[in-house]
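Heads up, the thing below is written out as structure tokens.
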Amino acid sequence: MADMKVKIAGVEFENPLIAASGTFGFGHEYAQFYPLSTLGGISCKGLTLKERAGNPPPRIAETPGGMLNAVGLQNPGVDYFIAEELPWLREQSTRIIANIAGNTPEEYCEMAEKLSDTQVDMIELNISCPNVKQGGVQFGTTCTGVEGITSAVRRHCTKPLMVKLSPNVSDIGEIAAAAESGGADAISMINTLTGMRIDIHTRRPIIHNNTGGLSGPALLPIAVRMVWQAANRVKIPIVGMGGISKWQDAVELLLAGASALQIGTVFFSNPYAPVEILKGLQEYLDRAGLHSVTELTGQIRPY
Amino acid sequence: MKYEVKLCEIIKKAEPVPGIFDVTVRAGEIAQAARPGQFAHLLVPGKTLRRPISICEIDKGTSTLRFVFQIRGEGTQRLSEFAAGDCYDILGPLGNGFDLGDTSRRALFIGGGIGVPPLLEAAKAFGKNATAVLGFRNAAAVILQEDFEKYGCKTLLATDDGSAGFHGLVTDCMKDEPADVIFACGPAPMLKAVCAAAAQRGIPCQISLEERMACGVGACLGCACRLRRKDGTEYYGHVCKDGPVFNYQTVVWEG
Ligand SMILES: Cc1cc2nc3c(=O)[nH]c(=O)nc-3n(C[C@H](O)[C@H](O)[C@H](O)COP(=O)(O)OP(=O)(O)OC[C@H]3O[C@@H](n4cnc5c(N)ncnc54)[C@H](O)[C@@H]3O)c2cc1C
Ligand SMILES: Cc1cc2nc3c(=O)[nH]c(=O)nc-3n(C[C@H](O)[C@H](O)[C@H](O)COP(=O)(O)O)c2cc1C
Ligand code: FES
């Protein structure tokens, strides 16, 4: 049987499947279905320095092949996470990634400092949330913004630092390179693509925030393309995500250049998705006679 | 078990009113764990999101669940096309359901349209101590009247056009009905009026709410609803996990 372990920024994951931030809460709900150690890791719901109430409803709209969300980073704040959620998460025998978003560089740095003193395995810098006025994406869409926020946080962060990129940019390769030169240990991508749906009877947007972030299968080809473009520009490992719903999608993103993967929206239709994807991936590796899942990374044969 | 995903075979299907489907499924442990007022999340093949449908009736003896749903769009359309012998992929039972308390109290069940089905199982528990006031557009839209009657509930109809029962709103129809507790489900304007009546009469009242859902289990924070704490401060709770049934005093009506 092929080895499923992967190493990202010095952190070893039992397998390459990580729950994507915001789709898995702090793990309690899906622990009903299987031990959380089924997953290589969990990226927790995006945290802010202070508690956030989130956006008014409706926050959800279905779309062809996907969904929009505008949760607006509802979360109990970083201190609550450290005191009340992390101790339990730590006992689940899986890697724990803290996903953070701030209004200002100072807030990001303060959160990174607080989390550096805890047992989290990695910090994921969310500079790509499209659903709050301030809270990341203003840092995530220009190269100077990305490099600036990454290097600022780097100075306050003793944990491995992963920067989560927004797809709402014109040149993802440049953005990835900016994160790398800012001192990121890894990149995760992609966050949601900004979208909109309108109720044709009321002529109102379905989501109260008017716009929301597109996730789910509709995102897959964009994620594959962007991971491929970023992999061509940077040496640091890439954690790929966006629309994975079956093992074949996982293989595609690995071939495009990802070293590990996150899955999110698929949980909503199939809570058992990680079990099924891992099984399919394992069988694919075995059929191909590969010894390790790491042998797939970047093995695309482009024209 | 709290909740589970399971393929549930359809053993009975009917269309009592055009566009409304009445489906009974074999649901194993989901039926054993289910409580009145909870809901299930039904997979629609090819769709990104499941569809939340309330549990209308629970039969623990046969481990079956009954759903009554209306076609509202593509998802419910697809679910209506399943035939007896086909299986729904069901995640459930979800949510907290009604807190029945002492069933020897006089209970008033107020339902509007497709908000009627979620009340049946709870009304069943109260039997002859229940009065059901069920509101519909017209006589042709009436569903579940015989079911409430079968379980001994005093059943009153109200229709918008007077073609069956009381001509007018359920809140006017319920005025003179004695009650120690109220349970309600239906469109927001109806629920608001029921809550106002409950407040005025000083009767405890539980209402079942709807919101667009993704995960259905409390992980994605998608199904927010504005709630009020005891100290008066407000926050966003979640219909799938904190509800769908709420004490009316905790709900803040928005918009
Ligand atoms: C807790 C709960 C219990 C429910 N119980 C019942 C029931 O017993 N019988 C019944 O007929 N209906 C019930 N509904 C409403 C039912 O879920 C919607 O009518 C259904 O999801 C519409 O899906 P669609 O694809 O046909 O419509 P579309 O409008 O095409 O759906 C698009 C998206 O919006 C969502 N959506 C649309 N309307 C609603 C709504 N009113 N509430 C929540 N999500 C919505 C859908 O789930 C889907 O994600 C319940 C809703 C909730 C939240
Ligand atoms: C309901 C919801 C909430 C999300 N919240 C966050 C968040 O708090 N922080 C973050 O970095 N990404 C968040 N995301 C984005 C996901 O982590 C992921 O990048 C995106 O959904 C694409 O992957 P998927 O198609 O597999 O879901 C959220 C996505 C969804 C659907
Ligand atoms: S639908 Fe995900 S929290 Fe309610």
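The figures follow:
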| read-out | value |
| --- | --- |
| Test: residue in the stretch A:286-299 that is over 27 Å from A:Leu68 (Cα atoms), crowded, with 22+ Cβ neighbours inside 10 Å and not hydrophobic (A, V, I, L, M, F, W, C) | yes |
| Filter pass, B:Gly232 being of a type outside the set (Phe, Trp, Tyr), within 14 Å of chain A (Cβ to nearest Cβ) and within 30 Å of A:Arg59 (Cα to Cα) | no |
| Residue list for the stretch B:105-143, filter: of a type in the set (D, E, K, R), more than 14 Å from ligand 1 (Cβ to nearest atom) and within 17 Å of B:Val68 (Cβ to Cβ) | B:Lys124, B:Arg137 |
| Of the criteria (1) away from ligand 3 (no atom under 16 Å from the Cβ); (2) over 17 Å from the mean Cα position of the chain (by Cα); (3) of a type in the set (D, E, K, R), which one B:Arg226 fails | (1) |
| Pick from the stretch B:52-78, criterion surrounded by fewer than 22 Cβ atoms within 10 Å (Cβ to Cβ) and within 14 Å of chain A (Cβ to nearest Cβ), ranking: farthest from ligand 1 (Cβ to nearest atom) | B:Arg78 |
| Pair list, Cβ under 8 Å, 6 or more apart: the stretch B:116-127 residue away from chain A (no Cβ under 14 Å) and of a type in the set (Asp, Glu), other residue near ligand 1 (Cβ under 10 Å from one of its atoms) and not in a helix (DSSP H, G or I) | B:Glu121/B:Gly37; B:Glu121/B:Ile55; B:Glu121/B:Cys56 |
| Flag for B:Phe148 being outside the structural domain of B:Gln249 (by TED's automatic domain parsing) and part of a helix (DSSP H, G or I) | yes |
| Residue that is nearest to ligand 3 (Cβ to nearest atom) [pool: residues in the stretch B:89-118 that are hydrophobic (A, V, I, L, M, F, W, C) and open to solvent by less than 10 Å² (accessible area, probe 1.4 Å)] | B:Leu94 |
| Any hit, the stretch B:168-181, residues being open to solvent by less than 30 Å² (accessible area, probe 1.4 Å), modelled with pLDDT of 95 or more, among the aliphatic types (A, V, I, L, M) and more than 16 Å from ligand 1 (Cβ to nearest atom) | yes |
| Verdict on A:Ala70 being under 30 Å from A:Ile236 (Cβ atoms) and either within 14 Å of another protein chain (Cβ to nearest Cβ) or open to solvent by less than 20 Å² (accessible area, probe 1.4 Å) (or both) | no |
| Wholly within the stretch A:173-243, strands (runs of 3 or more DSSP E) carrying at least 1 residues that are within 25 Å of A:Ala98 (Cβ to Cβ) and open to solvent by less than 30 Å² (accessible area, probe 1.4 Å) | A:186-189, A:211-215, A:238-240 |
| Count of residues meeting criterion [without any contact (Cβ under 8 Å) to a residue 40 or more places away in the chain and farther than 16 Å from A:Pro56 by Cα] in the stretch B:204-229 | 4 |
| Among (1) in contact (Cβ under 8 Å) with a residue 60 or more places away in the chain; (2) away from ligand 2 (no atom under 16 Å from the Cβ); (3) within 30 Å of A:Lys246 (Cα to Cα) - the single one B:Leu49 does not satisfy | (2) |
| Residues satisfying the stated conditions in the stretch A:11-56, i.e. assigned to a helix (DSSP H, G or I) and not aliphatic (A, V, I, L, M) | A:Tyr30, A:Gln32, A:Ser37, A:Thr38 |
| Looking only at the stretch B:245-255, and only at residues there that are outside any helix (DSSP H, G or I) and of a type in the set (Val, Ile, Thr), the one that is farthest from the other protein chains (Cβ to nearest Cβ) | B:Val245 |
| Yes/no for B:Gly75 being free of Cβ contacts under 8 Å to residues at least 40 places away in the same chain, more than 16 Å from ligand 2 (Cβ to nearest atom), in contact with a strand residue (DSSP E or B) (Cβ under 6 Å, 6 or more places away or on another chain) and not hydroxyl-bearing (Ser, Thr, Tyr) | yes |
| Condition met for B:Asp176 (in a loop (DSSP other than H, G, I, E, B) and either free of Cβ contacts under 8 Å to residues at least 40 places away in the same chain or in contact with a Leu (Cβ under 6 Å, 6 or more places away or on another chain) (or both)) | yes |
| Residue in the stretch B:188-244 that is farthest from ligand 2 (Cβ to nearest atom), counting only those that are open to solvent by less than 10 Å² (accessible area, probe 1.4 Å) and assigned to a strand (DSSP E or B) | B:Cys205 |
| Out of B:Val142, B:Val133, B:Val116, sole residue that is under 12 Å from the mean Cα position of the chain (by Cα) and not charged (D, E, K, R) | B:Val116 |
| Residues located in the stretch B:1-47, provided they are open to solvent by 10 Å² or more (accessible area, probe 1.4 Å), in a helix (DSSP H, G or I) and within 14 Å of chain A (Cβ to nearest Cβ) | B:Glu29, B:Ala33 |
| Test set (1) under 16 Å from the mean Cα position of the chain (by Cα); (2) more than 14 Å from chain B (Cβ to nearest Cβ); (3) among the hydroxyl-bearing types (Ser, Thr, Tyr) - A:Thr211 fails condition number | (1) |
| Residue in the stretch A:45-63 that is of a type in the set (S, T, N, Q), within 16 Å of ligand 1 (Cβ to nearest atom) and open to solvent by 10 Å² or more (accessible area, probe 1.4 Å) present | yes |
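Here is a yes/no grid of residues against (1) surrounded by fewer than 17 Cβ atoms within 10 Å (Cβ to Cβ); (2) at pLDDT 95 or above; (3) more than 24 Å from A:Tyr80 (Cα to Cα); (4) touching a strand residue (DSSP E or B) at 6+ places or on another chain (Cβ under 8 Å):
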position: A:Gly10; (1), (2), (3), (4): yes, yes, yes, no
position: A:Leu17; (1), (2), (3), (4): no, yes, yes, yes
position: A:Gly22; (1), (2), (3), (4): no, yes, no, yes
position: A:Glu29; (1), (2), (3), (4): no, yes, no, no
position: A:Thr38; (1), (2), (3), (4): no, yes, yes, no
position: A:Gly65; (1), (2), (3), (4): yes, yes, yes, no
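The values are calculated or read from the model by the stated rules, or taken from the named source; none is laboratory data. Just so you know, these numbers come straight off a predicted model, no measurement behind them. Every residue, glycine among them, receives a Cβ derived from its backbone with ideal geometry; neighbour counts consider all protein chains shown. Surface areas here come from the heavy atoms of the whole protein model, side chains and all, with no ligands, DNA or RNA. Shrake-Rupley method; radii C 1.70, N 1.55, O 1.52, S 1.80 Å.
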